[in-house]
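Worksheet: one structure, shown below.
None of the figures in this text is laboratory data; all of them are computed from the coordinates on show. Just so we're clear, the structure is a prediction, and the values are computed from it rather than from any experiment. Here the Cβ positions follow ideal geometry from the backbone for every residue, glycine too, while neighbour counts run over all protein chains shown.
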Amino acid sequence: MKQEFTITAYTENHVGLMGRIAIVFSRRKINIETMNVCPAEVEGISRFTILINESRDVVEKAVKQIEKQVEVLKVFFNTDEEIVWQEMAMYKVPTKVIAEQVKVERLLRQYGANTVVIRHDYTVFETTGHREEIDALVAALQPWGLIEFVRSARIAVIKASEGIHKAVMEFEAAKPSEPAIENEFLDQRDGVFTM
């Protein structure tokens with residue numbers, strides 16, 4: 001049975017890794033609903049948050065495949081009940097409607113919307129919440145001339161996880177890494193690679 005799973009992958013910050021992770025899903029014909037990549041709580045470590053709608057056995061196989069990437073440190077997958085998650089959305093509506101229609105202002109207050117920009121022709125609001133709440137506000141604003149709408153990818157923290165910071169610090173204390181060796185030609189890219 002298919003259901004939403006949030007995959008959290010801790011990785012090195014490496015060029016091209018996002019493409020290789022995306023290929024794991026495309027080869028298995030798994031549609032990625034949303035993907036967010038950001039720095040993790042440990043310097044130099046990135047955190048992928050990927051939302052998919054699949055069966056558990058398909059997710060397990062995809063996670064194992066992702067963990068085979070050299071730059072991937074650890075991958076978790078969780079159901080919605082095992083995480084705390086949010087999405088952010090921005091709504092652009094005509095300023096005239098906001099100024100003249102008290103109902104719209106009450107609606108925005110009801111959904112906890114915050115004003116981002118006010119111009120004479122449009123106003124931009126933002127909210128954070130679960131997808132259902134965001135979709136409900138979109139539907140409510142449609143009759144009032146919603147000009148534009150955008151929603152971010154899911155971000156989530158795992159309820160039962162201590163994150164990866166503690167594990168990385170313990171590993172670093174047990175086996176300190178050698179100082180990085182800088183490539184002397186790295187800042188001369190154009191001179192080295194231009195014919």
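In straight-distance terms, cross-link reach from LYS92 covers every one of the lysines whose alpha-carbon lies under 23 Å from its own, apart from those fewer than eight places away in the same chain; here that gives LYS103. Within the listed set THR128, THR95, THR79, the residue fluctuating most in the Gaussian network model of the chain (springs between alpha-carbon atoms under 10 angstrom) is THR95. Sort the range 139-186 into rounded, prolate or oblate with this rule: let a ≥ b ≥ c be the square roots of the eigenvalues of the Cα gyration tensor; rounded if a/c is under 1.5, and if a/c is not under 1.5, prolate when a/b is larger than b/c, oblate otherwise. It comes out oblate by the Cα gyration axes. For the chain, a Gaussian network of Cα nodes joined below 10 Å ranks LYS68, LYS175, LYS96 by mean-square fluctuation, and the top entry is LYS175.
Full-extension gain between GLN101 and SER55, please, as 0.36 nm times their residue separation minus the C-alpha to C-alpha distance. It would help to have the intermediate numbers written out before the result.
Working: separation 46, 0.36 × 46 = 16.56 nm, distance 4.56 nm.
Answer, rounded to one decimal: 12.0 nm.
Take the alpha carbon gyration tensor of the range 27-93, find the square roots of its eigenvalues, order them as a ≥ b ≥ c, and report rounded if a/c is under 1.5; if not, report prolate when a/b exceeds b/c, else oblate.
Details: a/c = 1.84, a/b = 1.22, b/c = 1.51.
It comes out oblate by the Cα gyration axes.
When the pairs LYS2/LYS68; LYS2/LYS61; LYS64/LYS175; LYS68/LYS159; LYS61/LYS175 are compared against a 19 Å limit on Cα-Cα distance, LYS2/LYS68; LYS64/LYS175; LYS68/LYS159; LYS61/LYS175 fall above it.
How would you classify the range 77-195 from its alpha-carbon gyration tensor, with a ≥ b ≥ c the square roots of the eigenvalues: rounded for a/c under 1.5, else prolate if a/b is greater than b/c, otherwise oblate? Taking the square roots of the gyration eigenvalues as a ≥ b ≥ c, the range 77-195 is oblate. For the range 1-127, the share of alpha carbon pairs falling in successive 5 Å distance bins from zero is 2, 9, 17, 16, 12, 10, 9, 10, 9, 5, 1, 0 percent.
Basic side chains Lys and Arg get +1 at the Cβ, acidic Asp and Glu get -1 at the Cβ, and with that the dipole of the range 76-195 about its Cα centre reaches some 740 debye. Tell me, how many Å apart are the Cα centres for the range 147-163 and for the range 105-119? The range 147-163 and the range 105-119 have Cα centres spaced 21 Å from each other. Short to long, the 10 Å bins of the Cα pair-distance histogram for the range 106-158 hold 20, 58, 19, 3, 0 percent of all pairs. Comparing MET169, MET90, MET18 in a Gaussian network model of the chain where C-alpha atoms under 10 Å apart are linked, the largest mean-square fluctuation is found at MET169. Summarising the label geometry, the points placed 7 Å from Cα in the beta-carbon direction at HIS130 and ALA174 lie 3.8 nm from one another. Could you give the distance between the Cα centres of the range 1-62 and the range 71-93, to the whole Å? Between the Cα centre of the range 1-62 and that of the range 71-93, the gap is 11 Å.
Of the GluC sites (Glu not before Pro) found in the range 14-43, those that fall in a DSSP loop while having at most 10 other beta-carbon atoms within 10 Å are GLU43. The modelled label-to-label distance between GLN142 and MET90, using points 7 Å beyond Cα along the C-beta direction, is 2.3 nm.
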